Amino acid sequence: MLGALATALILINLYTDWLDPVRERLSSLSAPFYWITGTPSRVGGWAGEQLRTREELLEENSRLKHQVMLLEQQTQLLASVRAENTQLKELMNSAESVDQRVLVAQVIGVSPDPLEHVVIIDKGRSDGVEQGSAIMDASGLLGQVIEAGDISSRVLLITDANHALPVQVLRNSVRAVAEGTGDLYRLKLRHLANTSDIREGDLLLSSGLGGRFPAGYPVGEVIAVKRDPGRAFAEVDVQPRGRMNRSRFVLAVIPEEQNGVGGLEQPLGDGLVPQD
């Protein structure tokens, strides 16, 4: 009986459309059952995402932190390389304006004594650097070599309290002596008469007197002038043009050969303030 009924329904479904409304109705009624039967698999997937172990999360966190550190390091190295390239380009441009032979050197050390302004460069006698060689960067004079070794040299900065050099004002050629103060950002002019024509903003150049520093190198800019009628000399503060504590690469001015012998053989007096 049931078999015959089933056969009849199959034939009716195949050759007529009488059962289409019934089939559509049954499809709507069966949809919730399909959703319910798929629930276990969905719950299993959700649980797999939510129930990840703490160790896996910590491992992933650590891996991501490591990747971030590597990227930051690469960024810092790139910035450092760009800065070095910029500084070297500035040095090359500065070297073109210097008539004498110059040599690019790198600052490899700084004196640990806070009372002296001394740096060490990686060039020495084997490279042509001699005691008294002027050292400059792209902005101006930095100092002079006070001790030349075979492969390195000690450089006394012009801001050291024991250093002085003759200068002249670019605007009117007034001569003076720029003396170190122990402050990397300040020089002072000593024994400059109150009536001297000097003003804020004046650029000071090395005068070349004494033969220690070549003439015409930028030394500093006048930032303050104080005149006291009761005193014979004016107080003049100067900001160095050279980047005393920031230059990594410098130019060493190679002394001209004299009588076929390299080096500059003359006393150190004009570059240093006598010790008591």
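Brief remarks on what is shown
- Qualifying residue in segment 249-265 (condition: surrounded by 14 or more Cβ atoms within 10 Å (Cβ to Cβ), among the charged types (D, E, K, R) and either modelled with pLDDT under 90 or in contact with a strand residue (DSSP E or B) (Cβ under 7 Å, 6 or more places away or on another chain) (or both)): no
- Applying the criterion of being at pLDDT below 90, over 29 Å from the mean Cα position of the chain (by Cα) and closer than 18 Å to N162 by Cβ to the residues of segment 174-221, the residue that is surrounded by the fewest Cβ atoms within 10 Å (Cβ to Cβ) is H191.
- Qualifying strands (runs of 3 or more DSSP E) (wholly inside segment 72-162; at least 1 residues being modelled with pLDDT of 65 or more and farther than 19 Å from N245 by Cα): 102-110, 141-148
- Residue, nearest to D183 (Cα to Cα), within segment 112-126, restricted to residues that are in contact with a strand residue (DSSP E or B) (Cβ under 6 Å, 6 or more places away or on another chain) and touching a residue at least 40 places away in the same chain (Cβ under 8 Å): H117
- Members of segment 141-154 that are buried (at least 16 other Cβ atoms within 10 Å of the Cβ) and out of contact with any helix residue (DSSP H, G or I) (no Cβ under 9 Å at 6 or more places or on another chain): L141, L142, V145, S152, R154
The values are calculated or read from the model by the stated rules, or taken from the named source; none is laboratory data. As the structure is a prediction and not an experimental result, all values here were calculated from the model. Note: ideal-geometry Cβ built from the backbone for every residue, glycine included; neighbour counts use all protein chains shown.
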